[in-house]
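The values are calculated or read from the model by the stated rules, or taken from the named source; none is laboratory data. All values derive from a computational prediction rather than experimental measurement. Cβ atoms come from the backbone with ideal geometry, glycine included; neighbour counts cover every protein chain shown.
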Amino acid sequence: MNTVNNSQVAIVTGASRGIGAAVARRLANDGFAVAINYASSSKEADALVAELVAQGTKAMAVKADVSNADEVRAMFEATEQQLGKVDVLVNNAGVLKTVPLADTSDALYEQTFDINVRGTFNTLREAAARMNEGGRIINFSSTTLALNMPGYAIYNATKAAVEAFTHVFAKELRGRNITVNAVAPGPIATSLFLDGKTEEQIQTFAKMPPLQRLGQPEDIASVVSFLASPDAAWVNGQILRTNGGVA
Ligand code: NAP
């Protein structure tokens, strides 16, 4: 708990809600100063910052649509000015709408690729120039990529791109002592997963892992915490499928 006294800085994208908020809380507890990125949920982001500051953590909310390169650049600049140079980047922001490929509109295709792929590209490109030596980058894929369920074609394609970025970027950062990994959660009880599903559908997903429950945001936050920690120094270019054993 607060072992490094906020001397190291983490940006968590999409940290106003869901998994990102749990990651921000966990990294704050681990001692990082945390930039809480959001696109529209300013009240939730501000409330989380107030919660973390009350615990003695340096934290700030930073509005930026990750799909916009200028806003991502401004997010890094604001973080550097208020908290310091970035040590950990968590590329958590993402969207999912399950629609059969044949019924997917151009707008949904573009939105999903813009946020999940271009958003990750924008932050990675910025991070390459700006992150401290010894830094950690944690991207977000999904276990749905291994399940190939109907309705997930576009989303899975975006997460396949994120996995490709992860493998290649880890090698491109040779000599910087920065690791690049991804977590690939299974079903986690957040609005991204729960919204639009019947109770019966939710229970079907909950029974899939041999551990027989839905994942919770904290299940993923603890894995991100590990990847950001000194203990994970030798883990690089890997995808960690954190899903209770679904696939
Ligand atoms: P969530 O509860 O819907 O939260 C999504 C977060 O992303 C929110 O904080 C949202 O902020 C932010 N966001 C959305 N669009 C953004 C943009 N353009 N720029 C910046 N932030 C943006 O989702 P979640 O379940 O926590 O998912 C987090 C990550 O885990 C995603 O990458 C998702 O694909 C992945 N994942 C989730 C599951 C699951 O079952 N939940 C499984 C596998 C992988 P605003 O409200 O401000 O827009």
Per the filter on region 184-233, residues more than 12 Å from the ligand (Cβ to nearest atom), buried (at least 17 other Cβ atoms within 10 Å of the Cβ) and of a type in the set (G, A, S) are S225, A228, A232
Count of region 89-115 residues which are more than 12 Å from the ligand (Cβ to nearest atom), closer than 20 Å to D195 by Cβ and either hydrophobic (A, V, I, L, M, F, W, C) or part of a loop (DSSP other than H, G, I, E, B) (or both): 6
Any residue in region 93-111 that is farther than 30 Å from V62 by Cα sitting within a Cβ distance under 6 Å of a residue that is away from the ligand (no atom under 14 Å from the Cβ)? List the pairs, counting only those 6 or more apart or interchain. L101/A153
Looking for something under 15 Å from the mean Cα position of the chain (by Cα), of a type outside the set (K, R), within 30 Å of Y109 (Cβ to Cβ) and at pLDDT 95 or above - is there at least one such residue anywhere in region 25-33? no
Determine whether S42 is at negative phi, surrounded by fewer than 15 Cβ atoms within 10 Å (Cβ to Cβ) and of a type outside the set (A, V, I, L, M, F, W, C). yes
